[in-house]
Amino acid sequence: MVVQWCIRVPVQRGEDLRRALIKEGVLDLSLKVRRGGSLLILPVTEWREGAEREDFEPRPERIDLPRHELVGGIAIMQEKDTAGAEKILASRPSLHTVLCAAGAVSGEYRTREFSVLAGIPTTRTDVIEYGHRFTIDLSTAYFSARLSSERQRVLCLMGDNETVLDMFAGVGPFAITLAGRAALVVASDINPGAILLMLANLTHNKTKNVLPVLADAHHLPSEMPFRYDRIIMNLPMSGAAFLPDAFRLCKPGGMVHFYSLVSEEGEHLSAISGLGGITVSEHSVRSYSPAQWHAVYDILVGT
């Protein structure tokens, strides 16, 4: 503990005074603010009228951590830096594993190889997203935590009791999110490992209106000859090849949300127009590399 001058202030006025003291340059940022009942106790670097001496806990020193991405209890690095991995593991009590990505997402099952740099040797973890819990295995099935806001955006666009098809459903994050407003969600994937994880996630989240289907998306028009109000196409590397199938599966006046890795704005507009679709919007979801980004096209299927 450290003894320092302090000012007591009612909690309701605490934030305003804290900002004023920072602007003045006298708030001691090396110490943690305390609370005593209905008062905040703000440490200051010098005496002023009404100031008293109190014990304060020092703030921990900020540690510069190597670049990494968080997915549930796993941190993913792009370089094999074991010392850096140990720092990352120690920085967050919620982490249990630090991995190094050995390559890009590839193959029919959209999987990726990893090596363990620190912690428990596993690629499996749980992700909490807007009240849902998803069990994932990064080496078994594709999952992107960066699309959480996008899933909420599509949910907000939906009407009640829509029928939805997720053509590349993975472990079910889109399907389970959209099930909250849908009458039925058909969640298809070609990867058996993804379907098994999806089944577990349906149980976790007590979701009863999602139908998992193990299938090649090219075969869906013949295997499930139904039409849907809304279709999700999240296959960024090669989804364009499935656009004709999506149009066959979508009701006239329905919506297709097509996610693709692109190098220029409007890259897929001619293909969409050629199928009779109207692009309602196109926007970037996230950056991928200096020359490419992950885009989504919201497409209205013609009547």
Worksheet item: In segment 3-17, what residues are open to solvent by 60 Å² or more (accessible area, probe 1.4 Å) and at pLDDT 90 or above?
Response: V3, W5, R8
Worksheet item: Can we say A187 is open to solvent by less than 10 Å² (accessible area, probe 1.4 Å) and under 15 Å from V256 (Cα atoms)?
Response: yes
Item to complete: Give segment 218-250 a look and list any residue that's open to solvent by less than 50 Å² (accessible area, probe 1.4 Å) and over 25 Å from the mean Cα position of the chain (by Cα), or say none.
Response: L220, P221, M224, Y228, D245, F247, L249, C250
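Yes or no: segment 225-233 includes at least one residue that is assigned to a loop (DSSP other than H, G, I, E, B), more than 19 Å from L147 (Cβ to Cβ) and charged (D, E, K, R). If you could, list the steps in order and put the result at the bottom.
Taking segment 225-233 as the starting set, the residues that turn out to be assigned to a loop (DSSP other than H, G, I, E, B) are 225-227.
When the remaining residues are screened for being more than 19 Å from L147 (Cβ to Cβ), the result is 225-227.
Those left that are additionally charged (D, E, K, R): 227.
Within segment 225-233, one or more residues are assigned to a loop (DSSP other than H, G, I, E, B), more than 19 Å from L147 (Cβ to Cβ) and charged (D, E, K, R).
So, of the residues in segment 77-110 that are surrounded by fewer than 19 Cβ atoms within 10 Å (Cβ to Cβ) and assigned to a strand (DSSP E or B), which turns out to be modelled with the highest pLDDT?
A101
The values are calculated or read from the model by the stated rules, or taken from the named source; none is laboratory data. Note that the coordinates shown come from a computational prediction; the quantities given were computed from them, not determined experimentally. Ideal geometry is used to build each Cβ from the backbone, glycine not excepted, and the neighbour counts take in all protein chains shown. Accessible surface is based on the protein model in full, side chains and every heavy atom, while ligands, DNA and RNA are left aside. Shrake-Rupley method; radii C 1.70, N 1.55, O 1.52, S 1.80 Å.
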